[in-house]
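A.B. asks: Please read through the structure below; I'll follow up with questions.
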Amino acid sequence: MGLLAAYAVPHPPLIVPAVGDGQEAEIADTVVAYEEIARRAAAHDPDIIVIVSPHAPLYRDGFFISNAEEETGSMAQFGQPHVTVTTRGDAEFAQAVADRLARRSIPVAGAPAAQTEIDHGAFVPLHFLAQTVDLEEVPVLRVGLSALSPSDHHFLGQSITRAAERLDMRCVLIASGDLSHRLKEDGPYGFNPAGPAFDRAVEGVFARGTLQELFALDPVMCENAAECGLRSFEIMAGALEGLPFRPQLLSYEGPFGVGYAIAAFEVEAGPSSTEEEAEAEIRGAHARCVPARQADSAASPHDGAAMMSEADSAFDGNTLETDECRDEYATSATIAPEGGFMEEPADSAPQDWWDADDESLANDEILSLVLDPEVDPLVALARLSVESIVGTGEVLAVPEGLPDDMVGRRAGAFVSLHEFGNLRGCIGTIAPARHSLAEEIIMNGVAAATEDPRFAPVRPAELDHLSYSVGVLGEPEPVDSPEQLDPARYGVIVTRGFKRGLLLPDLESVDTVMDQIAIAKQKAGIAPNEDAKLERFEVVRHTLGGDARNE
């Protein structure tokens, strides 16, 4: 499975009735929206809930991720020690996130001895979740912020989603954070014009679902606004990156001088990696085993905090990281887990087109490769995308001069890589997540080569042996009955409430409509006897010129 939904929520202690003692009535819209979020989270039947909190332990050079078997918190800090909550952890999920962060040499630590209780930034959402979710059964992973860059927070969000996909877990993410604390003179920090400006900006981002705009907010405005949730929301943006989702701003209030916004981001379908395609094409095959890599032991990022990462450098989703500033946090590695990485030799890629000194000439060369009449342009673009990210660590820019049908339309697309006849990576989106089809293919090519949780990242030495195909998805259309489906021609989407599952068309061993619907329901977590809305879509596959250079 993977990430099913993400929710941005505030954490005012007074929203807990025992603390608010009636004051919670002044933020009634926030209470109603919080209750709706709790209902939605429960409807997803999650295997794990991840809560990002600004008040969890904060490390300068790394992230807090709880690896405790059990955690307890209370409202004692606010005069109500009898109001408590207890959660259980998931060490395997925590380790999977830590392993991925290690690919950027980002260290991870548990809580120091003085900060083992659940903080109020996590307690408040747990107060509502406890009313709809059995917290004795569903584990909770508590995650903190850092003094690291917004890009690193974004990567943490991506790592959470990839961990959920790799472990085949249904994940709900809660990004806890208040907006400005400077909305009123009698508020906690007084009034500053940046306060309302910041809140309006974030409200707009949430309502539109344009989460990347969070990274372009004026840092001076953010500082003057005295916000506390921006980094949480940046992690959420990373978690949702590349997934089609439906945004909804449920509420906004600020009567106490602090902005409280609640927004929902419901993922429109399952995870972007196509497990059904992998099963159809290499049924029975196993993901590659990656030899262990050893690294020297070193200190933890915080005294008394145990490191959980297992490597100190490897490919991440966008770059080849060898940041010497982080080498001091490397820790010893034993056997690399599935999806782990070994250190690769610095072999060179077979292509050097990206090394052109003249930027305009480079664009012309790239354009000529894409528009080669003997190659499908979508396949050529996918190949160039992979060879750029693997060969240089840089994402290919959309070339200027592409045909309108590549830059003037949007569509979901899958990029599939094969090596010696075996699947080597396949990532896609069932609905457009980028500004154009060309950008969709470029980013999914990057993800197929470096982000597929079933495989190690593609190495430069493999590029000549890769073959490529691209699938472009048509617009889903509703159907009235199963008789309008054809598993050889149409893919199917099943929806019930907030549960949604997809199955691609023309898959091996999926011969009947009822099999197709049953598998899609299983992926969505919909019971076989439950009714579901049906949609169908077509996939146009592009393969011309995608053969490997060297079989």
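The values are calculated or read from the model by the stated rules, or taken from the named source; none is laboratory data. Owing to the predicted nature of the structure, the values given are computational and were not obtained by experimental measurement. Reconstructed Cβ throughout: ideal geometry from the backbone, glycine too, with neighbour counts over all protein chains shown.
A.B. asks: Out of all the residues in region 219-236, which are touching a residue at least 60 places away in the same chain (Cβ under 8 Å) and either charged (D, E, K, R) or farther than 22 Å from H153 by Cα (or both)?
C.D. replies: Passing the criteria: R231, E234.
A.B. asks: I'd like to verify a number: residues in region 449-467 that are within 21 Å of T543 (Cβ to Cβ) and at pLDDT 90 or above, how many?
C.D. replies: 8
A.B. asks: Which condition number in (1) under 26 Å from the mean Cα position of the chain (by Cα); (2) of a type outside the set (S, T, N, Q); (3) assigned to a helix (DSSP H, G or I); (4) closer than 21 Å to F256 by Cα is the one that A8 fails?
C.D. replies: A8 satisfies every listed condition except (3).
A.B. asks: So, one more: Considering only region 210-243, state which residues are outside any helix (DSSP H, G or I) and either crowded, with 17+ Cβ neighbours inside 10 Å or among the β-branched types (V, I, T) (or both).
C.D. replies: Scanning region 210-243 gives T210, L217, A226, E227, C228, G229, E241, G242, L243.
A.B. asks: For L485, which of the numbered conditions (1) over 24 Å from the mean Cα position of the chain (by Cα); (2) surrounded by fewer than 19 Cβ atoms within 10 Å (Cβ to Cβ) fails to hold?
C.D. replies: Going through (1) over 24 Å from the mean Cα position of the chain (by Cα); (2) surrounded by fewer than 19 Cβ atoms within 10 Å (Cβ to Cβ) one by one, L485 breaks only (2).
A.B. asks: Okay, next question. Which of the residues spanning region 147-200 are in contact (Cβ under 8 Å) with a residue 40 or more places away in the chain, in a loop (DSSP other than H, G, I, E, B) and polar (S, T, N, Q)?
C.D. replies: S180
For (1) surrounded by fewer than 16 Cβ atoms within 10 Å (Cβ to Cβ); (2) free of Cβ contacts under 8 Å to residues at least 60 places away in the same chain; (3) over 27 Å from G546 (Cβ atoms); (4) of a type outside the set (A, V, I, L, M, F, W, C), each residue gets a yes or a no:
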site	(1), (2), (3), (4)
D480	yes, yes, yes, yes
R489	yes, yes, no, yes
Q516	no, yes, no, yes
Q522	yes, yes, yes, yes
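A.B. asks: If you don't mind, there's one more thing I want to ask. Scan A239, A207 and give me the residue that is of a type outside the set (D, E, K, R), within 16 Å of H153 (Cα to Cα) and in contact with a strand residue (DSSP E or B) (Cβ under 7 Å, 6 or more places away or on another chain).
C.D. replies: Just a single option satisfies the conditions, and that option is A239.
A.B. asks: Here's another thing I want to ask about it. Within region 94-126, how many residues are at pLDDT below 85 and of a type in the set (K, R)?
C.D. replies: Qualifying residue count for the region: 2.
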